[in-house]
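Presented below is the structure to which this report refers.
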Amino acid sequence: MSRTGVFICHCGTNIAAVVDIAKVVEKAKSMPNVVYVEDNKYTCSEPGQQAIKDAIVKHKLDRIVIGSCSPRMHEPTFRKMLASTEINPYMLEIANLREQCSWVHTDREKATDKAIDLVRMAVAKVAKNHALFTSSIPVTKRALVVGGGIAGIQAALDIADAGYPVTLVEREPSLGGKMVMLDKTFPTMDCSACICTPKMVDAGQHPNITVMTSCEVEKVSGYIGNFEVTIRQKATYVDHSVCTGCGICELKCPSKVTSEFEQGMAQRRAIYKPFPQAVPAKPVIDAANCRKLNGKAKCGICQTQCPQGCINFEDEDKLITNTYGAIVIATGYELIDWKSIYGEYGGGQYPDVINGLQFERLVNASGPTEGHILRPSDGKEPKSVVIVKCVGSRDPNKGKGYCSRACCMYAAKHAHQVLEKIDNAQCYVFYIDVRTAGKAYEEFYTRTLEDGAIYVRGRVSKIYEEDGKLICKGEDTLSGQTVSVAADMVVLETAMVPAAGVEKVATLMTISRDNDNWLQEAHPKLRPVETHTAGVFLAGVCQGPKDIPDTVAQASASAAKVCGIFSKAELQTNPMISKVDIEKCSGCGDCAGICPYKAISMQDMEFIEHGKKITRRVSTVNSGLCQGCGACVAGCRPGAIDLLGFTNAQILEEVDALCL
Amino acid sequence: MSDIQQELRKTARELLESGEVGYIIGWGKGRFANQTHPIFVKDPAKVDELVWDDYCLSTLAKYTQDDKYPEKKIGICVRGCDSRAVNRLIQDHQLKREDVYLIGIPCSGKLDPETNEPAKKCVECAHRNPVVYDVLLGSPVEEVPQPERFKEVEELEAMTPDERYNYWADVYDKCIRCYACRNVCPACNCRECYTDQYRVGWQGKQNNRAENQIFGITRAYHVGDRCIECGECQRVCPMGLPLMKLNRKMLKDINNLFGAYEAGLDTETKPALGHYETNDVEEFM
Amino acid sequence: MSVDVEKKNVDPNWEPKILSFSCNWCTYAGADLAGLNRMKYPENVRVIRVPCSGRVNPQFVLRAFQKGSDGVLVCGCHPGDCHYVTGNYFTRRRFLLMQRFLEYNGIDPRRFQARWISGAEAGKFRDTVTKVSNDIKALGPNKKFQESWYKERGESNE
Amino acid sequence: MKYSYYPGCSLSSTGLEYGLSTRYVAKKIGMELHEIPDWNCCGATAAHSMNHDLALALPARNLALVEKQGLGLEIAIPCAACYSRMKYAIQAARSSEKERQKIEEIIEMPYEAKNDAICLLEAFAREDAQAAVKEKIVKSLNGLKVASYYGCLLVRPAGVTQFDDNENPQSMDNLMTLIGAKPVNWAFKTECCGASHQVDAPKVARPLIYNILRNAKANGAEAIVTACPLCMMNLDMREFEFNKAKKEFDIPVYYFTELLGMAMGADPKELGMEKHFTPAVARIKEAFKRPPEEEKPIKKAKAKVEEVKEEEKPKEAIDNE
């Protein structure tokens, strides 16, 4: 016969003001299996909990019902309290007498009846509770970081500095992402290469970090602490262990290709390093454009020229599988393809209408024009430059609805650079708003104004070429006039969109995406770097547009989360998971089809039936993966699978208790 | 009719003599001309007990559940409804396709022994030819479309809630909870039916109206998305309860809500409650 | 032997017994939020907390009617917001069918309702509970599927 | 190539040559145009600036007549304004049942918005029409530089018209290449011509036309082609006016059907071309006499050849190294 103890809380006056506590206590005494009832002014307080502990010993209780505030509030507290007694923390049920009774009702008599019903339901449910024990799963103390931009690098460095091995996967031939393409960074105007390349070198040389460039994640299975990840090492046809990066092959290679890194404004060879300070500083061969590999000619110059003989044309993709304890996703962004959306800006037919990254390459010392701002069409220095902001951002019907956050600042930076590098230049910036929400951002913007940048408030409606000039027709909403500027070059500050292929990464990690395809964080304010998949974290722009300071902050935050997991030898799993009664299970597999976490697998097991040894298919639950939703339990017709903590019997008892 | 019977017996003798099949489940004659019942023929000499006449009504697939781990293949005579039952059992992983040898026989409908009229379930049958078989005796018959598949259901839906309650109350008052409907149904293939489980509290064991109603509704809900409309539950019910009206109601709603659906035509299409579409009908906003 | 089930004239101070299954992550949180904002709604709904609306087996609803509740309300997250990703998609299918099946067996459609209520929609929880409570009050006590029918008429009817 | 045909008022008045050339070209390529019996004015700007219901009912009456006609064809509409009004009426009737019933009340005829409406340009831009036009070409414009001007209502608002790209339309340009003309890549294809404001606000509207003509000239256009009677009237008449003050532009303006007609050997009078303000016949005749252009693709091919040769050169260099 179980011995249930019932403890009704006054919660000061929150419950007592409306609910007649004495009557509830009186009625509770007559409920089945109840041997002791007590009320308390503040059950969650130290003395309140102590009173329960004493009662457990004195009355040899084995099940506890607490009538107090919402279980979402103090269930963990009371469970911790029970952990210090010899009762199992899961032999506890809580009746919500505050948020769903005293606070929402006024009629004292009816509220008290409801309170009694709620306690009766809890008492009936607790009668069917079983002792549950958390099981622990081992943690592989190795982290995987997907994406080698500044976010991925920073996260990898922080985790590695904490002493844990990290694999940093990047699909491009070099680390650096978008930041290494930039010239200067706002608001301090320090050179991007000087603050990004050292971090790349650190990551490249860190004993705990294995850098895997030209690689993509192919398959992910398992759960927090035990992710099984297969990475595809794409064939690069150059043996990086032998190569010294001397660069002779790059000089001799005959076939020229437009360089993606230089945003299409310069050429590279089929065998190339994306940029001089690449990490690893070793070339790869782009099979599509290499004449030997795409069968156009019998070339092979690089092989003959290479002093180390590290070119191997028979190289193939390799699949490397490893287990990881936690994953940080830092897949970053790319700029929106404005040419296919904005026909009114020329749709890409005017070479001198370029986007922000192309301008960064022009103004960058290691860029195609060694830092001189020259027009892509004729290489002349543009005397009048128009910068157009919010191209694709804040434009729900043609582009994206959101604001891309960083372009206000880098537009001001571009204006500053134009006025600084080109003497007596004219720079017009068409804007809707100037958002300078950061440290020293506003001062940077006012300094650009003082440099002589002309800010025109309005959108550019049309850009067309006439007599060699790019006519930008727009509107100055402050003066109410239409404006037309004849410019030599136009820079469009286009919207950030998620990097191509992010869908694949998201589905591999079973994390969802918002309707703009940014990766979905667990909670925008309280858990910005976590996802709903335990053990998978986000860092940087993949979670939403942001600038470098925020990106680095998020990277360190996700690293801290990973180190939090690795600091424990083992992870406690949630005990309230599904359990299968293999006697009742007919192996129909309905439950496996329903489980969103693929935690249920059908396995053949040996049985003795009627004296004959047979193997039969039954359902088995992986305790690490199961999150305890119970969708499988409701789908199982004979009730062979049940959810511990919310078993069929428990809920049916609650239903019966309410109605008798 | 007799030449199919000859072929059936010849095929049965070959299968039994070659040892490919352990035994054959078919129909045999009872004492009276209008009585046929399932029989199990093991000995090649006894194949002449197998018959194919107007009274072969009972579905045979469910008998495979009594011998779940056969040494040799089991031979079964399958008409349209039996073959769909076999597909259902395979889809529910209660039967392996390689464990059975299906003797397909196109069926143009059987007679009800009491009334000698065409049996109700055969009149309403939409798939007379077997959908799966290893050998086919005779040539396929012409399928009869069933436009009035849900007529009876619509008649009931036209009533007011109280009239419907009274209609079903009278029906359930007669139910004696013999569970014949469950035992004959190929969709009811759990190892231990929820009604047989002790003290879980799903449903009481008393035989009163309320418990009978709960049993009827729960069973119809369980088999709703798997029912192959073979009509056996209604045929075997000793109290003559109109059980197909329950199953057909579930099928009517599944068709309207989730798209045209007939159970057991193949082993790929999943039962409606086993999966979902993100753009399902939305009524709870 | 038809049963006069629906007594049309319902005595005014009769209080219906309504059972609600609420998912822990959305509707239960919404109900708590209603409490935090001291919103007021009728007392006759009792909430059973379940981890996900996908946990609610339609047989629980049958059991509730059988054991004497006058109305049942199943609530969960909006499809797409489910904490367990796909739980409520199954809830939607199960209760689209069960709602029609109950109606087909004679239960007045207003007695069984399902609603998506998110953790932030405290107002919607209060309005839903109030509406369901008023609907059921107008309908009067539910006598269908009830064992109590026998108690009134004695054991001989067993 | 069968359509119900709604000519609209302009085609028997200010846009007479559009009507004549459309009839001519349609007959030539075998495109059946079934004029709607007892059609009424579509209301154009006058109606929709004054009364919403009237603006929908007037075009809807024509659409109802098409349904009564019972041919079940799409309606081809030459004039951009009529086309725009019809499209609005169809969209209003299809999107809200209440609107459709109100329309039925006003026109006292049943109307279910069954038929779709397309502009005449779309009818000619379709594959079948383009193939038919190609067969009937007898003369080529031999590279005459033509700037196609679409105006506003043909391509905007995109949600209602759903025809071609509303910023950079190509359908008229494609037709022009068919008859040997060389479409000019200019930026004022869809800029506003000032429409009726040329009358009530000349100071504001004239510069609009001036900018269009100037940009056409700047890009070397020898002719402008339109598909809307109002654009035609504005460009043609105001150019004549500018030229009277100071001879600046020499860009005759045509309907695309006129150029198609001429390319099929029609006599300018048959198409009513002498009605233009800016003399237009001379330029066409002169174009017909020009030396036929070598096939453009050959020039391109040559470019490709050079490229390949250059690639092979290093190969020899490699072998003998």
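Name the most mobile residue of D:PRO229, D:PRO202, D:PRO59, meaning the one with the largest mean-square fluctuation, in a Gaussian network model of chain D with Cα contacts below 10 Å.
Result: D:PRO202 has the largest fluctuation of those listed.
Normalised by the number of residues in region A:4-126, what is the relative contact order in percent for Cα pairs under 8 Å and 6+ residues apart? Could the numbers behind the result be given before it?
Details: 218 pairs, mean separation 42.4, N = 123.
Rounded, it is 35 percent for region A:4-126.
Scaled to the compact-protein estimate 2.2 N^0.38 Å, what is the alpha-carbon radius of gyration of region A:335-497, rounded to two decimal places? Provide the component values of the computation, followed by the final result.
Working: Rg = 14.7 Å, N = 163, 2.2 N^0.38 = 15.2 Å.
Relative to the 2.2 N^0.38 Å estimate, region A:335-497 comes out at 0.96.
Compute the angle between helix A:648-659 and the longest alpha-carbon principal axis of chain A, please, reported from 0 to 90 degrees and rounded to the nearest 10.
Computed tilt is about 60 degrees.
Please report, to one decimal in angstroms, the Kirkwood hydrodynamic radius of region B:64-124 built from all distinct Cα-Cα pairs.
Across region B:64-124, the inverse of the average 1/r is 13.1 Å.
Once R0 is set to 45 Å, what does the formula 1/(1 + (r/R0)^6) return for the Cβ-Cβ distance between B:ALA45 and B:GLU154, expressed as a FRET efficiency to the nearest 0.05?
Numbers: r = 53 Å, r/R0 = 1.17.
E between B:ALA45 and B:GLU154, to the nearest 0.05, is 0.30.
Using the Cα centre of the protein assembly as shown as origin and beta-carbon charges of +1 (Lys, Arg) and -1 (Asp, Glu), tell me which of B:PRO38, A:GLN277, B:CYS77 is placed farthest towards the positive end of the dipole.
Value: A:GLN277.
Based on Cβ point charges of +1 for Lys and Arg and -1 for Asp and Glu, what charge dipole magnitude is obtained for chain A about its Cα centre, in debye rounded to the nearest 20?
Details: 74 positive and 75 negative charges, 222 e Å.
Approximately 1060 debye in magnitude.
Which percent of Cα-Cα pairs in chain A sits in each 20 Å bin, short to long?
Pair shares across the bins are 15, 35, 29, 17, 3.
Run lengths n ≥ 4 of DSSP H only: what is the helix-derived mean residue ellipticity at 222 nm for chain D, with -39500 (n - 2.57) per run over all residues, to the nearest 500?
-16500 deg cm²/dmol
Return the whole-Å distance between the Cα centroid of region B:1-75 and the Cα centroid of region D:87-147.
Cα centroid to Cα centroid, the span is 69 Å.
Run the simple label-point estimate for B:LEU265 and C:VAL10 please: 7 Å along Cα→C-beta, distance reported in nm.
4.5 nm
From zero outward in steps of 10 Å, how is the percent of C-alpha pairs of region B:233-285 spread across the bins?
For region B:233-285, the pair-distance distribution reads 20, 41, 28, 11, 1.
Can you grab the distance from the C-alpha centre of region B:165-219 to the C-alpha centre of region A:67-133, Å, no decimals?
If you average the Cα positions of each part, the centres end up 35 Å apart.
Order of B:CYS227, A:CYS629 from fewest to most other C-beta atoms within 10 Å? Could you put the intermediate results ahead of the total?
On the way: B:CYS227 27, A:CYS629 34.
Ranked by crowding around the Cβ, least crowded first: B:CYS227, A:CYS629.
Computed FRET efficiency, Cβ-Cβ of B:VAL123 and B:ASP66, R0 30 Å: what is it to the nearest 0.05?
Details: r = 30 Å, r/R0 = 1.00.
Given R0 = 30 Å and the Cβ-Cβ separation, E is 0.50.
Placing +1 on the Cβ of each Lys and Arg and -1 on the Cβ of each Asp and Glu in region B:151-258, which of B:CYS233, B:ALA210, B:PRO186 has its Cα farthest towards the positive end of the resulting dipole?
Value computed over the given set: B:PRO186.
With axes computed from alpha carbons, what is the tilt in degrees of helix D:296-320 against the longest principal axis of chain D, rounded to the nearest 10 within 0 to 90?
Value to nearest ten degrees: 40.
Spelling out what I want: for every residue of region B:239-245, take phi, set θ = phi - 60°, compute 6.51 cos²θ - 1.76 cosθ + 1.60 (Karplus), and round to whole Hz; glycine and proline get x.
9, x, 6, x, 5, 4, 5
Of A:PHE566, B:PHE32, C:PHE21, how do they rank once you tally other Cβ atoms within 10 Å and put the fewest first?
Values: A:PHE566 19, B:PHE32 9, C:PHE21 27.
The fewest-first ordering by Cβ neighbours comes to B:PHE32, A:PHE566, C:PHE21.
When you have a sec, figure out the Kirkwood radius of region A:4-126 from all distinct Cα pair distances and drop it here in Å to one decimal?
13.9 Å is the Kirkwood radius here.
Which residue, A:PRO32, A:GLN50, A:GLY67, has the largest displacement toward the positive end of the dipole of region A:1-88 when charges sit on each Cβ (Lys, Arg +1; Asp, Glu -1)?
A:PRO32
If the only charges are +1 at each Lys and Arg Cβ and -1 at each Asp and Glu Cβ, what is the size of the charge dipole of region D:1-83 around the Cα centre, to the nearest 20 debye?
The calculation lands at about 220 debye.
Please list the non-local residues whose amide H lies under 5 Å from the amide H of D:HIS34, H modeled 1.01 Å from N, same-chain partners needing a gap of 5 or more.
Here D:TYR3, D:SER4, D:TYR5 satisfy the definition.
Suppose the chain between A:GLU420 and A:THR134 were pulled fully straight at 0.36 nm per residue; how much longer would it get relative to their current alpha carbon spacing?
Numbers: separation 286, 0.36 × 286 = 102.96 nm, distance 6.42 nm.
Gain on extension, A:GLU420 to A:THR134, equals 96.5 nm.
Return the Rg/Rh value of chain D, two decimal places, where both radii are evaluated on C-alpha atoms and Rh is the Kirkwood radius.
On the way: Rg = 22.5 Å, Rh = 21.2 Å.
Ratio of gyration radius to Kirkwood radius: 1.06.
Given N residues in chain B, what is its alpha carbon radius of gyration divided by 2.2 N^0.38 Å? Show your work: numbers first, answer last.
Numbers: Rg = 19.8 Å, N = 285, 2.2 N^0.38 = 18.8 Å.
Expressed relative to 2.2 N^0.38 Å, the Cα Rg reads 1.05.
Can you tell me which lysines have their Cα less than 19 Å from the Cα of D:LYS244? Leave out same-chain residues fewer than eight positions away.
Result set, ordered by chain and number: D:LYS203, D:LYS217, D:LYS275.
Could you work out the relative contact order of chain A, using alpha carbon pairs under 8 angstrom and six or more residues apart, expressed as a whole percent? Present the calculation step by step, with values, prior to reporting the outcome.
Values: 1397 pairs, mean separation 85.2, N = 660.
It comes to 13 percent, rounded to a whole number.
Using only alpha carbon pairs under 8 Å that are at least six residues apart, calculate the relative contact order of region B:151-258 and give it in whole percent.
Numbers: 85 pairs, mean separation 35.1, N = 108.
RCO, region B:151-258: 32 percent.
Can you give the net charge of the other residues whose Cβ lies under 12 Å from the Cβ of B:LEU273, counting K and R as +1 and D and E as -1?
Summing Lys and Arg as +1 and Asp and Glu as -1 gives +2.
Kirkwood Rh over alpha-carbon pairs of region B:3-136, then Stokes-Einstein at 20 °C and 1.002 mPa s: what D in µm² s⁻¹, rounded to an integer? Could you put the intermediate results ahead of the total?
On the way: Rh = 15.0 Å.
It comes out at roughly 143 µm²/s.
Convex hull over the alpha-carbon atoms of chain C: what's its volume per residue in Å³?
110 Å³
Sort A:ILE21, D:ILE212 by Cβ crowding within 10 Å, fewest neighbours at the top. Walk me through the numbers on the way to the answer.
Working: A:ILE21 21, D:ILE212 28.
The fewest-first ordering by Cβ neighbours comes to A:ILE21, D:ILE212.
Over the residues of region A:202-297, compute the C-alpha Rg and express it relative to 2.2 N^0.38 Å. Let's see the in-between values first.
Details: Rg = 16.1 Å, N = 96, 2.2 N^0.38 = 12.5 Å.
Taking N as the residue count of region A:202-297, the ratio is 1.29.
Please report, in debye to the nearest 20, how large the charge dipole of chain C is about its Cα centre when each Lys and Arg carries +1 at its beta carbon and each Asp and Glu carries -1 there. Intermediate results must be reported in sequence, preceding the final value.
Working: 25 positive and 17 negative charges, 66 e Å.
So the dipole magnitude of chain C works out to roughly 320 debye.
What's the center-to-center distance, using Cα atoms, between region A:362-400 and region D:247-296 in Å?
The two parts, judged by their Cα centres, are 43 Å apart.
Find out how many positive minus negative residues lie around A:LEU157, taking Lys and Arg as positive, Asp and Glu as negative, among other residues whose Cβ is under 10 Å from that of A:LEU157. Write out the running numbers ahead of the final one.
Working: positive: A:LYS199; negative: A:ASP158, A:ASP161, A:ASP202.
So the surrounding residues net to -2.
Mind checking the angle between helix D:202-218 and chain D's longest principal axis? C-alpha axes, 0 to 90 degrees, to the nearest 10.
Value to nearest ten degrees: 30.
Given a Förster distance of 60 Å, report the FRET efficiency between D:ARG126 and B:LYS174 from their Cβ-Cβ distance, rounded to the nearest 0.05.
Values: r = 69 Å, r/R0 = 1.15.
It comes to 0.30.
For n ≥ 4 DSSP H runs only, could you compute -39500 (n - 2.57) per run for chain B, divide by its residues and tell me the 222 nm figure to the nearest 500? Walk me through the numbers on the way to the answer.
On the way: 9 runs with 95 residues, N = 285.
Counting only the DSSP helices, I get -10000 deg cm²/dmol.
For the protein assembly as shown, how big is Rg over Rh, using alpha carbon atoms and the Kirkwood form of Rh? Present the calculation step by step, with values, prior to reporting the outcome.
Numbers: Rg = 40.3 Å, Rh = 39.1 Å.
When Rh is taken as the Kirkwood radius, the ratio is 1.03.
Under 13 Å from the Cβ of D:CYS119, count the other residues' Cβ atoms, weight Lys and Arg +1, Asp and Glu -1, and hand me the total. Let's see the in-between values first.
Values: positive: D:ARG85, D:LYS87, D:ARG126, D:ARG156; negative: D:GLU74, D:ASP116, D:GLU122, D:ASP164.
Result for the neighbourhood of D:CYS119: 0.
Read-outs throughout are calculated quantities, based only on the coordinates presented, and are distinct from any laboratory measurement. Not measured: the values here are computed from a predicted model. All Cβ positions, glycine included, derive from the backbone under ideal geometry; neighbour counts span all protein chains shown.
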